[in-house]
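Visitor: Quick one: the structure is below, and I'll ask about it shortly.
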Amino acid sequence: MSQLKYGSKLALREHLFSGNPANQLDSLLIFGVQHLSREIARLRAEGEVIKSRRIPYIKAVRQINNYVAFAPPKDLPIEQIMLTEYWISK
C-alpha cells in the first residue's frame, strides 16, 4: 500500500486546481517548486487545459507579497521584465 505524500508539487497543483494562477516566483518562493514548466507539462500530459499569459515582473512581485515579504534588487528593471503566468482552464 502506498502512502500519499503531501509535498510542494501537490501544494502547487492544489493552488492551480483552485483556480489560482501561478508564475515562476510563486512556484519557487511559496511552494518550493523549482521547475514550474515541468509541472505544467505534466498537467498538460494528464489532459488538463493550461492557459498562459505574459505579466510584468512588478505584478508578480505584488502578488507574491500577499504571501511572503519579497523585495527585488533596487537596480533591477522590474517594469521591463516579463514572466509567464499559468492557470487551469475550466
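Visitor: If you go through the stretch 8-24 one residue at a time, do you hit one that is acidic (Asp, Glu) and surrounded by 15 or more Cβ atoms within 10 Å (Cβ to Cβ)?
Guide: In the first step, residues of the stretch 8-24 are kept if they are acidic (Asp, Glu); the result is 14.
Imposing the further condition that a residue be surrounded by 15 or more Cβ atoms within 10 Å (Cβ to Cβ) reduces the set to none.
No: zero hits.
Visitor: Take the residues in the stretch 1-44 that are assigned to a loop (DSSP other than H, G, I, E, B) and touching a residue at least 24 places away in the same chain (Cβ under 8 Å); name whichever of them is farthest from residue 86 (Cα to Cα).
Guide: The first filter runs over the stretch 1-44 and keeps only residues assigned to a loop (DSSP other than H, G, I, E, B), leaving 1-7, 18-21, 23, 32-35.
Right, trim to touching a residue at least 24 places away in the same chain (Cβ under 8 Å) and you get 19-21, 23, 32-33.
On the way: 19: 10, 20: 9, 21: 5, 23: 6, 32: 16, 33: 14 Å.
Among those residues, the one meeting the criterion is 32.
Visitor: Kindly indicate the residue of the stretch 45-90 that is assigned to a helix (DSSP H, G or I) and open to solvent by 50 Å² or more (accessible area, probe 1.4 Å) and also nearest to residue 23 (Cα to Cα) among those meeting that condition.
Guide: Keep residues of the stretch 45-90 that are assigned to a helix (DSSP H, G or I), which gives 45, 57-64.
Right, trim to open to solvent by 50 Å² or more (accessible area, probe 1.4 Å) and you get 45, 59, 62.
Values: 45: 19, 59: 10, 62: 12 Å.
Looking at residues that are assigned to a helix (DSSP H, G or I) and open to solvent by 50 Å² or more (accessible area, probe 1.4 Å), I get 59.
The values are calculated or read from the model by the stated rules, or taken from the named source; none is laboratory data. Note that the coordinates shown come from a computational prediction; the quantities given were computed from them, not determined experimentally. Methodologically, a virtual Cβ is constructed for each residue, glycine included, from the backbone with ideal geometry; neighbour enumeration extends over all protein chains shown. Ligands, DNA and RNA are stripped out before the accessible areas are found, and what is left, the full protein with its side chains, is counted by its heavy atoms. Shrake-Rupley method; radii C 1.70, N 1.55, O 1.52, S 1.80 Å.
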